[in-house]
Amino acid sequence: MTVVQELPAVLSATTSVPHYRMFIDGRWVDTEEHYEIINPATEEIVATAAKGGIEHADAAVAAAKRTFDEGVWRGVSPARRAEIFDAVASALTARAEELAVLGTREGGSPYLLSMGFNAGQPISNLGYFARLLRGYEFETPGPLVGPILMGGLIRREPLGVCVAIVPWNFPLSLAVWKVVPALAAGNSVVLKTDEKTPIGALEFARELRAAGLPDGVFNVVTGNGEEVGAHLAKHPDVRKIAFTGSTEVGKLVSQAASTSNLKRVTLELGGKGPNIVLEDADMRLAVDGSIWAFLMHAGQACEAGTRLLLPAAVHDQFVDRLIDRLRTIRIGDPLDPATNIGPLISARQRDRVLGYIESAKQEGATIAHGGGVPAGFDRGYWVEPTVLTGVTNEMKVAREEIFGPVLCVLKYDSVDEAISLANDTEYGLSAGVWSADPNKALEVARRLEAGSVWINDWHMVHEEYPFGGYKQSGLGRELGAHALDEYTEVKSVQISLEPNISNHAFGLVLSTPAPSWED
Ligand code: NAD
């Protein structure tokens with residue numbers, strides 16, 4: 001393991017491609033073997049990175065455990081922790097444009113989206129958790145209870161070493177959702193980035209360190225995701241694992257988490273969001289909103305609205321309008337602020353999405369728009385915005401998460417049928433309702449089995465609202481007022497106000513009084 005001290009990235013002596021190292025125990029750590037980070041829009045090399053393995057995961061956990069045991073961070077006052085988060089938010093604000101460009105180059109999201117998810121949202125989340133921390137009750141008096149008079153304290157204490165594992169689609173945001181509440185509660189953290197998108201997290205580590213976070217409290221391991229992730233998930237010194245990714249891998253993480261010990265687990269997994277347009281909806285709004293729902297980040301969003309449920313009476317006209325609007329979408333260079341849709345993350349993901357479109361054709365759906373690679377986009381990993389009509393809920397495209405720019409359109413005859421189609425899925429991350437009548441929409445929202453339901457909009461993920469999934473979309477919640485609770489143990493400290501009485505209640509009264517201590 002090579003260790004160097006300066007910045008996360010260095011320019012290699014032979015090329016202008018920056019090289020990123022891992023952040024372990026306050027130092028920038030390199031490996032002999034490197035790998036390339038590829039711009040998915042152009043297939044150019046954006047950077048190289050250290051290829052971390054099990055040895056680095058172990059070093060990161062050891063540093064986190066040492067700092068936790070020594071109390072170098074959990075012993076710091078909540079007010080000082082909050083100050084550090086505010087300082088990081090200021091540093092990231094000053095670098096917002098740079099972070100957006102880095103996010104676009106490594107992950108392919110259009111610049112304006114990167115500005116939101118690689119800068120704006122992390123900055124806002126840091127401020128939110130700083131505010132939450134300032135008012136957080138780590139210790140509250142418990143009630144006086146009887147019949148044996150007892151009082152006490154209810155404490156919230158940090159867990160120890162927490163691991164965060166994140167995917168590539170919103171790499172910095174999803175890391176901040178986990179790392180910041182974990183640190184806020186006084187834990188030490190190891191973050192495993194997706195190998196395709198480590199840059200934002202490494203820049204974040206740099207700013208945390210500059211703001212005064214003690215070395216070893218936060219560590220970032222890059223490299224072989226499957227090997228490192230699986231190792232961390234079963235590591236005996238890790239007390240909690242917070243994972244965002246596919247349902248398939250989430251289940252593996254959940255199993256591994258109970259092998260060597262019993263880790264607390266939070267899982268944010270896949271989705272198949274049903275988007276219900278009611279007959280009284282403002283159709284202009286609903287058409288554009290349904291495009292936003294399925295097409296943000298080329299459909300690579302877990303909470304995308306990918307099943308559009310339309311009343312039979314307006315189906316044809318709605319689909320025609322939606323396709324007309326899709327013709328105005330600008331696909332192209334994601335660094336151009338005018339671009340709406342960028343590429344998919346990899347050739348593998350593109351081929352997977354094209355495979356789903358082919359399966360829809362074979363199962364009898366109609367490709368009403370798109371369906372292939374857009375003309376002239378030979379370099380990079382592109383798929384056209386695609387609309388499938390005639391989809392039924394039994395088809396593979398309606399049941400499985402595609403994670404690409406593909407909309408499945410289904411027809412319904414009654415609101416009850418729409419709700420039943422919406423809930424007929426193993427996923428339950430997001431759902432939406434469009435209606436001119438807020439009460440009617442709320443009534444539908446109450447009956448939908450999803451962690452987030454949006455009315456007359458989509459993707460309204462706000463830090464004040466808890467986020468997470470029903471059913472196989474996850475376990476636990478991130479964000480919201482209780483986000484810190486997820487990174488704490490609860491301890492009851494009970495003080496007897498009538499000492500040594502409680503044994504009487506169980507009939508364990510010794511026949512003779514205890515001798516005095518001196519006897
Ligand atoms: P993925 O499950 O393949 O990978 C996610 C992360 O897990 C990566 O860092 C990867 O390196 C790591 N990993 C891979 N194998 C592992 C193992 N055996 N043990 C531990 N870690 C392992 O997911 P992906 O394809 O990279 O990302 C897309 C998925 O993420 C989609 O299913 C999407 O719905 C989901 N997602 C969910 C949310 C949410 O909040 N619910 C948000 C974004 C993405």
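Each value in this text was obtained by applying a stated rule to the coordinates, not by laboratory testing. Just so we're clear, the structure is a prediction, and the values are computed from it rather than from any experiment. Glycine also receives a Cβ, built like all others from the backbone with ideal geometry; neighbour counts cover every protein chain displayed.
Key figures for this structure:
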{"read-out": "D (Stokes-Einstein, µm²/s), Kirkwood Cα radius, the stretch 67-208, 1.306 mPa s at 10 °C", "value": "97 µm²/s"}
{"read-out": "Acute angle (nearest 10 degrees) that the helix 54-70 long axis makes with the longest principal axis of the chain, alpha-carbon atoms", "value": "40 degrees"}
{"read-out": "In degrees, nearest ten, helix 199-211 long axis to first principal axis of the chain (Cα)", "value": "40 degrees"}
{"read-out": "Anchor residue 263: aspartates and glutamates whose Cα lies under 14 Å away (excluding residues fewer than 8 positions away in-chain)", "value": "237, 486, 489"}
{"read-out": "Residue exposure sequence - 407, 183, 149 - by fewest surrounding Cβ within 10 Å", "value": "149, 183, 407"}
{"read-out": "Angle between the chain longest axis and helix 283-295 axis [Cα atoms, degrees, rounded to 10]", "value": "70 degrees"}
{"read-out": "Ranking of 262, 159 by count of other Cβ atoms within 10 Å, fewest first", "value": "262, 159"}
{"read-out": "Cα centroid separation, the stretch 143-164 to the stretch 384-446 (Å)", "value": "43 Å"}
{"read-out": "Value of D in µm² per second that Stokes-Einstein yields for the stretch 297-365, Kirkwood Rh from Cα pairs, at 10 °C (1.306 mPa s)", "value": "110 µm²/s"}
{"read-out": "Theoretical gain in end-to-end length, residue 457 to residue 392 [0.36 nm per residue, Cα-Cα removed]", "value": "21.0 nm"}
{"read-out": "Per-residue Cβ neighbour rank within 10 angstrom, fewest leading, 467, 85", "value": "467, 85"}
{"read-out": "Expected 222 nm ellipticity per residue - DSSP helices of 4 or more, -39500 (n - 2.57), all of the chain, to 500", "value": "-10500 deg cm²/dmol"}
{"read-out": "Cα-Cα over 29 Å, subset of 51/251; 178/440; 411/471; 51/361; 65/178", "value": "178/440; 51/361"}
